[in-house]
1. Return the residues of the stretch 86-106 that are of a type in the set (S, T, N, Q) and open to solvent by less than 10 Å² (accessible area, probe 1.4 Å); say none if nothing qualifies.
2. List the number of the failed condition for D132; all other conditions in (1) in contact with an Asp or Glu (Cβ under 9 Å, 6 or more places away or on another chain); (2) at pLDDT below 95; (3) within 22 Å of A62 (Cβ to Cβ) hold.
3. Return the residues of the stretch 62-85 that are open to solvent by less than 20 Å² (accessible area, probe 1.4 Å), over 10 Å from D39 (Cα atoms) and aromatic (F, W, Y); say none if nothing qualifies.
4. Is one or more of the residues making up the stretch 58-65 under 21 Å from N157 (Cα atoms), small (G, A, S), without any contact (Cβ under 8 Å) to a residue 40 or more places away in the chain and outside any loop (DSSP other than H, G, I, E, B)?
5. Among the numbered criteria (1) on the phi > 0 side of the Ramachandran plot; (2) open to solvent by 70 Å² or more (accessible area, probe 1.4 Å); (3) not aliphatic (A, V, I, L, M), which single criterion is violated by S191?
6. Would it be correct to say that S88 is more than 15 Å from V127 (Cα to Cα), small (G, A, S) and either modelled with pLDDT of 95 or more or in contact with a Pro (Cβ under 8 Å, 6 or more places away or on another chain) (or both)?
7. Count, please, the residues in the stretch 38-61 that happen to be open to solvent by less than 20 Å² (accessible area, probe 1.4 Å) and of a type in the set (A, V, I, L, M, F, W, C).
8. Just the residues that are touching a residue at least 40 places away in the same chain (Cβ under 8 Å), open to solvent by 80 Å² or more (accessible area, probe 1.4 Å) and either on the phi > 0 side of the Ramachandran plot or aliphatic (A, V, I, L, M) (or both), please, taken from the stretch 160-179.
Amino acid sequence: PAVARYTNRNGSIRARTGHFRAGTYAPDKAGNTRWLCVDFDGAGHSDPLADPQQAAVLTVSAFSEQGIPAWLERSGGGKGWHVWVFFSQPTPAKLVRQLAHRLVPANLPLAQQRGVAMPARNRGVEVFPKQDKLSKASQLGNLVWLPFFYGAPDGANQFYRLESGDLVVFQPEVFETVSLEQLESTLARLS
């Protein structure tokens, strides 16, 4: 268990002990991020993909083909998937988002319209950070839940990798990161 301390409206500091779900916001005030998360929505979302697992695996493969290490995580609800990319330094969200939009498959079928390809960038797939920089209306960016949530259903919020064509749970010891130079070089090749 962890201890969380927070301040309420009256300025009183409170503490709670227990298991907590942690999230993070991006981009920062300078328009930078240290991570990319592509969220492939499964059942229970307004526009679930017909096969979010396959969409996520295809995306990991696309990143891998470009030499970009990507990490596959089953989402907290256990019905969707996340693909994570981590950066070695604060990196412009604009470039990070460009990378995602170039490597995520463009047409993925939605569950309720099985077999009908819909643009993935508009439905069934979310790219975080969702904006290049903060606006006056959005002072925090968008929240993404971090992996390793204690209360997740069995198999959720865990990392997976392909072994002999099967997805198997594994515990990463280190997350390989991407440098700004590597990102810029990859974007130049993809242009």
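1. Quick first cut of the stretch 86-106, residues of a type in the set (S, T, N, Q) only: 88-89, 91, 98.
Hit for the stretch 86-106 is T91, nothing else.
2. For D132, the failing item is (1).
3. The answer is F63, and nothing else.
4. Applying the first criterion (under 21 Å from N157 (Cα atoms)) to the stretch 58-65 yields 58-61, 63.
With small (G, A, S) added as a condition, the list becomes 61.
Next, only the ones that are without any contact (Cβ under 8 Å) to a residue 40 or more places away in the chain stay: 61.
In the following step, the residues that additionally are outside any loop (DSSP other than H, G, I, E, B) were identified as 61.
The answer is yes, given that some residue of the stretch 58-65 is under 21 Å from N157 (Cα atoms), small (G, A, S), without any contact (Cβ under 8 Å) to a residue 40 or more places away in the chain and outside any loop (DSSP other than H, G, I, E, B).
5. Going through (1) on the phi > 0 side of the Ramachandran plot; (2) open to solvent by 70 Å² or more (accessible area, probe 1.4 Å); (3) not aliphatic (A, V, I, L, M) one by one, S191 breaks only (1).
6. Numbers: more than 15 Å from V127 (Cα to Cα): yes; small (G, A, S): yes; either modelled with pLDDT of 95 or more or in contact with a Pro (Cβ under 8 Å, 6 or more places away or on another chain) (or both): yes.
Yes.
7. Total meeting the criteria: 5.
8. To start, the set of residues in the stretch 160-179 that are touching a residue at least 40 places away in the same chain (Cβ under 8 Å) comprises 160-162, 167, 172, 175-179.
Narrowing further to those that are open to solvent by 80 Å² or more (accessible area, probe 1.4 Å): 161-162, 176.
Within the stretch 160-179, L162 is the sole residue that qualifies.
The values are calculated or read from the model by the stated rules, or taken from the named source; none is laboratory data. Predicted model, so just to flag it, every value in this text is computed and none were measured. All Cβ positions, even for glycine, are placed from backbone atoms using ideal geometry, and neighbour counts span all protein chains on display. The area values use the complete protein model at the heavy-atom level, side chains included, leaving out ligands, DNA and RNA. Shrake-Rupley method; radii C 1.70, N 1.55, O 1.52, S 1.80 Å.
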